Amino acid sequence: MTAPDRPRISLLGTSALLFEAPGAFDLPHQRRIWALAATASKWPDIREAIPGITNLMLTFETPPRELDTLVAALNDGWDEAESLAIGGREIRLPVTYGGEIGSSLQSVADHCGLSVDDVVSIHAAPLYTVFALGSHPGYCYLGGMDPRITMPRRQTPLQRSAGGSVSIGGSQTGVSASPGPSGWHAIGHTSWTFFDPSWPTPAALAPGDTIRFEIERVIR
């Protein structure tokens, strides 16, 4: 059995492995994930090292013959990993808060015991860091949200949330790159494009980039 303060490592079929790190959801912790990903990407027979939120997925060129050796290397790599700061771009995103797309703004305010204006100003204040890409193409998991506007995820996900939706789910916030189901609460939207398969690099953002939300207007 894996100890609570030790990583959890599990196979994903025969072509991949998931490394789940213990610890908090914060930037120093995530920077250790980035460092481990940079190290593991150079190992033989590793096709990709893909950082997630406090986890790392390795995909293989061929299934590993000595799994115990790889597991030991991951554990040692995590113990030795130092914070890796990635110098990314700062992106400013104009956001319309509220309205039809951001219809959960009032619900978040009510849940948190705040006014709509308070939620908007608190949400727009931080400089958010892109921790990882995932969920769907171009989607960014962001770190740095103020805990005062934490909102539990929906018990029943929405069948469709609009592309560009700015949402809160638990202690995280993010922006949907395309329409699709969502268990988060949309409080606004932006018209910025996060993914285009015709671009040389289809995803507009990458881990280490930062986002600042700019209040374009508030619709009540």
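Structure summary
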| read-out | value |
| --- | --- |
| Rounded percent of accessible protein surface that carbon and sulfur make up, the chain, 1.4 Å probe | 51 |
| Degrees between helix 27-40 axis and first principal axis of the chain (Cα, 0 to 90, nearest 10) | 40 |
| Distance between the stretch 100-153 and the stretch 159-211 - C-alpha centres, whole angstrom | 12 |
| Volume of the Cα convex hull of the stretch 55-146, divided per residue and given in Å³ | 180 |
| Dimensionless Rg over Rh [the stretch 1-155; C-alpha; Kirkwood] | 1.05 |
| Total charge dipole magnitude, the chain, about the Cα centre, Cβ charges on Lys, Arg, Asp, Glu only, Debye to nearest 20 | 480 |
| Where labels lie 7 Å past Cα in the beta-carbon direction, separation of A73 and S41 in nm | 1.6 |
| Cα gyration tensor shape for the stretch 137-196, rounded if a/c is under 1.5, else prolate or oblate | oblate |
| Largest to smallest accessible area among L133, L142, L11 [probe 1.4 Å] | L11, L133, L142 |
| The stretch 32-72 residues near the modelled E82 label - backbone nitrogen below 17 Å, point 7 Å along Cα→Cβ | 32-40 |
| Residue-normalised accessible area of the chain, expressed per residue, 1.4 Å probe, Å² | 52 |
| The stretch 75-220, Cα convex hull volume normalised per residue, Å³ | 132 |
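The values are calculated or read from the model by the stated rules, or taken from the named source; none is laboratory data. The model shown is predicted, which means the values in this text are computed figures rather than measured ones. Heads up, the Cβs are rebuilt from the backbone with ideal geometry, glycines too, and the neighbour counts pull from every protein chain shown. Heavy atoms of the whole protein, side chains included, go into the accessibility calculation; ligands, DNA and RNA do not. Shrake-Rupley method; radii C 1.70, N 1.55, O 1.52, S 1.80 Å.
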